[in-house]
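Please treat every number below as a calculation from the coordinates, not as lab data. In this text, all values refer to a predicted model and were calculated from it rather than measured experimentally. Glycine also receives a Cβ, built like all others from the backbone with ideal geometry; neighbour counts cover every protein chain displayed.
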Amino acid sequence: MPIDESAAAKRISEAVISSGAALFTTTKYIYAMSKDGFYTCDVKDIFKVVLNNARIGDKLDGFHIPLDEVSCYPLSSSKYDAVYPLIVYSFAVRLPELLAKQPLSEQTVKAIYNDIVKKGAQNKDGAVPEEFSEIRNLVKKGKQPGPYNADWLKSYLYAAFPELAEVSNRNFFFFGALDVLFVMFYLNLEARVTAAVSDKNG
C-alpha cells in the first residue's frame, strides 16, 4: 500500500519537534539532579523515562527535582531557552540520514525540513556546524555523516555560560551525561521517525 507522504510528513515533523522538546527538558533535569542532595536519583532512571515516552509531557516531574533558580540555574534562565530551537534544528538537518531508507521523495524530506524551520527551529550563531544540504549530499553519495553527538551543544554552552566551563564535579557530571544522552536519544529519534512514516505510533 502506497505511503501517504503528506500525512507521513506531518507526523515526522511533529516527532522531530516533540523529541527536541523532550531532549531540551531532559538536559535541565540532568543538570538539576547534579546539585548537592539529588545524587540519590539514578540518572539511568531519567534516561529510561525520556527514551521510553515519545511524548514526555510532565513525566519527569515524578522525580521531584525542581527546575528553579536554586537547583537549575543557569539552565533555568530565559537565556537557556535558545537551546531548544537549536536542538530541533540539529535534528532537522539530519533528516536526509534519518529518512534515507524510507519510501519518501527528496522533495518531501526537504518539505519536512522547511516545515520544522518554519515552526521555529533555528541555528543561532551557527552553533550547529551541520547543514541540511551538506547531509543530503553525503547521503546521495552513499556516505555517512559523522555520528550525532553533544559536541556542538557543549561548545555553545561553554561560550554562552562561563560558569558551565568551570572545572567542577557538577559540570563534569553534566557534560559527561550529555555525551551519553545525545547518542541514545538520536537512536530513539531514528526509531520514532521510522514509525511515523508508517503511522506506527510515531
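Phi angles across the stretch 26-31 convert, under the Karplus curve 6.51 cos²θ - 1.76 cosθ + 1.60 with θ = phi - 60°, into 3J(HN,Hα) values of 5, 4, 5, 5, 5, 5 Hz, Gly and Pro given as x. From most to least packed by mean Cβ count within 10 Å, the peptides 7-18, 135-146 give 7-18, 135-146.
Could you sort out which of 35/154; 28/101; 10/79; 28/141; 35/118; 110/143 sit more than 28 Å apart by Cα distance in this structure? Cα-Cα > 28 Å for 28/101; 10/79; 28/141; 35/118; rest within.
Taking θ as phi - 60° and the Karplus parameters 6.51, -1.76 and 1.60, the scalar couplings of the stretch 140-145 work out to 4, 8, x, 9, 9, x Hz in sequence order, x denoting glycine and proline.
Farthest towards the positive end of the charge dipole of the stretch 124-202, among the residues 183, 197, 155, is the Cα of 197, using unit charges on the Cβ of Lys, Arg, Asp and Glu.
Scalar couplings 3J(HN,Hα) for the stretch 102-116, obtained by applying the Karplus form with A = 6.51, B = -1.76, C = 1.60 to θ = phi - 60°, are 9, x, 10, 6, 4, 5, 5, 4, 5, 5, 5, 4, 4, 5, 5 Hz; x denotes Gly and Pro. Note on residue 48: aspartates and glutamates with a C-alpha under 15 Å away, same-chain residues under 8 apart excluded, are 58, 61. Site pair residue 141 and residue 190 shows an inter-label distance of 2.1 nm when each label is modelled 7 Å from Cα along Cα→Cβ.
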